[in-house]
1. Return the pairs, sorted by first residue and then second, in which the second residue is assigned to a helix (DSSP H, G or I) and of a type in the set (K, R), the first residue lies in the range B:470-488 and is more than 15 Å from B:A413 (Cα to Cα), the beta carbons are less than 8 Å apart, and the residues are 6+ apart or on different chains.
2. Name the residue, out of B:S200, B:S205, B:S182, that is touching a Gly at 6+ places or on another chain (Cβ under 8 Å), modelled with pLDDT of 95 or more and either within 14 Å of chain A (Cβ to nearest Cβ) or surrounded by fewer than 23 Cβ atoms within 10 Å (Cβ to Cβ) (or both).
3. Taking the range B:435-480, which residues are in contact with a strand residue (DSSP E or B) (Cβ under 6 Å, 6 or more places away or on another chain), of a type in the set (A, V, I, L, M, F, W, C) and either surrounded by fewer than 19 Cβ atoms within 10 Å (Cβ to Cβ) or within 14 Å of chain A (Cβ to nearest Cβ) (or both)?
4. Of everything in the range A:134-166, what is among the charged types (D, E, K, R), farther than 25 Å from A:D99 by Cβ and either surrounded by fewer than 23 Cβ atoms within 10 Å (Cβ to Cβ) or outside the structural domain of A:M242 (by TED's automatic domain parsing) (or both)? Give them in sequence order.
5. Could you pull out the residue among A:T268, A:T317, A:T283 that is assigned by TED's automatic domain parsing to the domain that holds A:I180, surrounded by fewer than 22 Cβ atoms within 10 Å (Cβ to Cβ), free of Cβ contacts under 8 Å to residues at least 24 places away in the same chain and at negative phi?
6. Could you please find all residues in the range B:481-509 being assigned to a loop (DSSP other than H, G, I, E, B), at pLDDT 95 or above and within 20 Å of the chain's Cα centre (by Cα)?
7. Which of the residues spanning the range B:415-434 are crowded, with 24+ Cβ neighbours inside 10 Å and either within 14 Å of chain A (Cβ to nearest Cβ) or among the β-branched types (V, I, T) (or both)?
8. Please work out if A:A390 is aliphatic (A, V, I, L, M), crowded, with 24+ Cβ neighbours inside 10 Å and either in contact with a strand residue (DSSP E or B) (Cβ under 7 Å, 6 or more places away or on another chain) or modelled with pLDDT of 95 or more (or both).
2 protein chains.
Amino acid sequence: MATAAVAALGWLVTSASPPGALWPLPRNYTNGNQTPTVLASPSFFQLSSQCKTLSDAAVRYGKLTFPHDLGGTAAGTGITGLKVTVADDSEGYPQLGTDESYSLTVPTEGVAELTAKTVYGALRGMETFSQLVMLDFDGERYYAYGAPWQIDDAPRFPWRGLMIDTSRHFQTLASIRSVIDSLPYAKLNVLHWHMSDSQSFPMESKTHPKLWEGSWSAQERYLQSDIADIIEYARARGVRTMVEFDMPGHAGSWCKGYPEVCPSTSCTQPLNLASNATWDLITALLGEMTGANGGKALFEDHYIHLGGDEVNTNCWTKSSEISKWLSDRGMTADQGYAYFVKRAAEIALSQKRRPVQWVEVFDHFGTQLDNRTIVHVWKDKGTLAKVVAAGYDALLDNSPGSDSWYLDHLSVAWEAVYGNEPCSEISEQSQCDRVMGGQGEMWGETADMSDEEQTVWPRLGAIAERLWTPRDKTAQALASGDAHNRIQAFRCMLNRRGIRAAPVNNKDARSAPPGPGGCYVQ
Amino acid sequence: MATAAVAALGWLVTSASPPGALWPLPRNYTNGNQTPTVLASPSFFQLSSQCKTLSDAAVRYGKLTFPHDLGGTAAGTGITGLKVTVADDSEGYPQLGTDESYSLTVPTEGVAELTAKTVYGALRGMETFSQLVMLDFDGERYYAYGAPWQIDDAPRFPWRGLMIDTSRHFQTLASIRSVIDSLPYAKLNVLHWHMSDSQSFPMESKTHPKLWEGSWSAQERYLQSDIADIIEYARARGVRTMVEFDMPGHAGSWCKGYPEVCPSTSCTQPLNLASNATWDLITALLGEMTGANGGKALFEDHYIHLGGDEVNTNCWTKSSEISKWLSDRGMTADQGYAYFVKRAAEIALSQKRRPVQWVEVFDHFGTQLDNRTIVHVWKDKGTLAKVVAAGYDALLDNSPGSDSWYLDHLSVAWEAVYGNEPCSEISEQSQCDRVMGGQGEMWGETADMSDEEQTVWPRLGAIAERLWTPRDKTAQALASGDAHNRIQAFRCMLNRRGIRAAPVNNKDARSAPPGPGGCYVQ
């Protein structure tokens, strides 16, 4: 353990006491070097509101903060509680930009205080508090390291997420819940659900009930009620859930149930733009998600992802029907592609959702796109600068290069992931402000329930701190070695909390540990 | 899916409906081909006793049997409940031989009935029932496949376990709980806790509080209260917990806190048999476990594992003190080894525990061993025949060969594990009866919290069916392909239940899936 670097941040580290896992670093904080006892009790969390989100969070954070039963009633002096005060206890779905700021004061004696504007800010602060408490095994007491603390925190970027892919492999509900559990541990707030792709379509559609005939099996499917449960599970943890139906490429699985939406059964994608059935299906399917068909929206999020990537129009030009449709309208195949992605975006906009599309739509069609489109930049980061210069909001998850945020790129180590600064090629702050944030992308070709979590963690933590913590602080933390120390402690904490984070120093993300060793050093 | 083989067992399989995961196969059963609806309700489980073990199990099995919220109240005809009747509702710690038999009747309409002599037998039957219920996604209803069922079940061997190793890597409490969750899914009933080894000593000792100075870090430790919680967690699931302190070899971590029990700081094991401090420590440490020091036993199990394997006496002969001690008594170093393991066994016996020791103690000392010693055969299976012929009770977990039950042998596929018949080299039934069962051994050199579960599963399932199901039925299931079909379905069920079981057909146990695919075929 590089004790010196941690001590430079004012944390107490002794040989008997590995550092805590304050991750991501707060925006502003001061702290000391005391280690007051923290006196666990059933009434430890004192909430200004008994709304369900906060009271359920107090139960969760009670278990996370005090995971050992020390028996009897804690006595003596020390920190006796955490008073949580929110200005507004409304529990509505957390949309992009929902205030996540909080202030946390941890004294050396008495009651710690957490204040936030929203319940979701309070969740972020409860997470921070839980990370400041450790068990002193020799003394059989909980303590707060580095006290007293004064923390004023808020995220740098409002969109900090993970994409999961339920098409290349079905991810069980238990797996998705476990991933959602883990996101707030790093203050992440978006689950991007890449629901369907060429390989399978697992979701129930009530308007098009044959869509899930494209699932891997009759058991590898999601009921809409399952999805609603997942969305609420995420909401309660301050996590938005955005669905993606990738189209018109990556949609071959749709034709298992509805062959009429594909060019042919042997050449299945991009979807058949010449058929009314295609547009009827898209309109109805998105309507089920957004509530535009009437009834309750399945996904309340203001954003919906429409894919748009990797479109090869060969299946269109091979089809006489589609070729005629294009030539009747004087369109090239590429213009047909533009037509498709713009029309899909219009459907989303008409259903009161902002469309998110992969960067190819900007590469091809530039400012033809509706200016409410969010461009999801998976290609080289230089494109990000062009996208925001053109006035579009954007998300970063660059695939190429040694600092990729594609988590299926197993050889990209955490330091590179961490060092990936979204605005490194953007000179004007006003343009950096158009970067809404970014995501780790867990493409599922070789990730099923058995190995997904250790592929995601701990590297997703590197993305999380990059997106939460001010730029100057992350630069300093990486250079000093402090980030390395803390991400090791963070990984150990994830393991304690039941998350299968892999060893930090693995050459390939999810490898087994190379031999016997402690969690803080592997 | 090899539908025919499953259909041969009378199960309903359609292309839209993958088979259920009845695993392990019951001893005796008949069944039909109906698929009655199962009507979930809060009062589905009707218990003859409200003892905590059964009522908690009903909550757990409610979630496992009915994991989807179908909304509203189920109506119509079908199976309306499971009546659970136990002859004896005592909840004492389940010792070896505790009756696990049960009878289960699943009709096509009305109430299913489960009867058992003990609460632990009832748990086994609830597991079986939960495996007979599937969700029909298209019909949005639960159903029992292959009804009506009449099952009369009991295990072939009474000892069916998993060894975990918390010395090469610390395993977090969350990881151990997850593993314990999974054991009853395959009707396993023993957690063998290989607590300490050369690399680390993670456990709190109240008589020798410096022992855990041999832990990897001050956070990678177990309080005794943590261990008590784990033991109770396992008990509530019908799982015994047996602790192992491997000695006199594999004990170098003890000298971090107590150098006086080792030959020297540079040559740490086998433990110093010439020092009273060694015997005082062992007596006191075992006394903490067994309650012989006064107070409550930490481990109530009637068996305690004392290791005894891989003893190289070089550190003894290098020590002038120990060499003198041996020569004063006219002992060779090997006789000193015999002295050690027998004296350790005597301490256990004096504390009312039967000692379990690895097979080297039999290889070296044969019938010199107390006849209450259980010989744990990790070497070739031929030794097992010799051990039981000599009148000792024995456990199987052979390491060598292509059918090893060492789960860290990653290239051993599930079929080989399944095909490993404990009594294949034993001709007399009376000697086979001395085989108490066996275990999968999860040695922890390259298994930490991040990869342990997918190293263990699904291969531990193969061991579980081998040890539960009658010999003729396992032979038939393997030959017909039925076992292959069912273990794939079982793996998918484990994934649904949150257990990270790896793809069945992996060449190396815990590899990632090779590409996109469904759970039932990878």
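1. Note: pairs meeting the criteria are B:T474/B:R466; B:A477/B:R486.
2. Numbers: B:S205 fails: touching a Gly at 6+ places or on another chain (Cβ under 8 Å); B:S182 fails: touching a Gly at 6+ places or on another chain (Cβ under 8 Å).
Every option except B:S200 fails the conditions.
3. B:M442, B:W443, B:V456, B:L460
4. Restricting attention to the range A:134-166, the residues satisfying the condition of being among the charged types (D, E, K, R) are A:136, A:138, A:140-141, A:152-153, A:156, A:160, A:165.
Next cut, farther than 25 Å from A:D99 by Cβ only: A:136, A:138, A:140-141, A:165.
A:D136, A:D138, A:E140, A:R141, listed by residue number.
5. Numbers: A:T268 fails: free of Cβ contacts under 8 Å to residues at least 24 places away in the same chain; A:T283 fails: free of Cβ contacts under 8 Å to residues at least 24 places away in the same chain.
Of the residues listed, the single one that is assigned by TED's automatic domain parsing to the domain that holds A:I180, surrounded by fewer than 22 Cβ atoms within 10 Å (Cβ to Cβ), free of Cβ contacts under 8 Å to residues at least 24 places away in the same chain and at negative phi is A:T317.
6. B:R497, B:G498, B:I499, B:R500, B:A501, B:A502, B:V504
7. Filtering the range B:415-434 for residues crowded, with 24+ Cβ neighbours inside 10 Å gives B:417, B:422.
Listed by number, the list holds a single entry, B:V417.
8. no
The values are calculated or read from the model by the stated rules, or taken from the named source; none is laboratory data. Values in this document were obtained by computation on a predicted structure and should not be read as measured data. Here the Cβ is made from the backbone with ideal geometry for all residues, glycine too, and neighbour counts use every protein chain on show.
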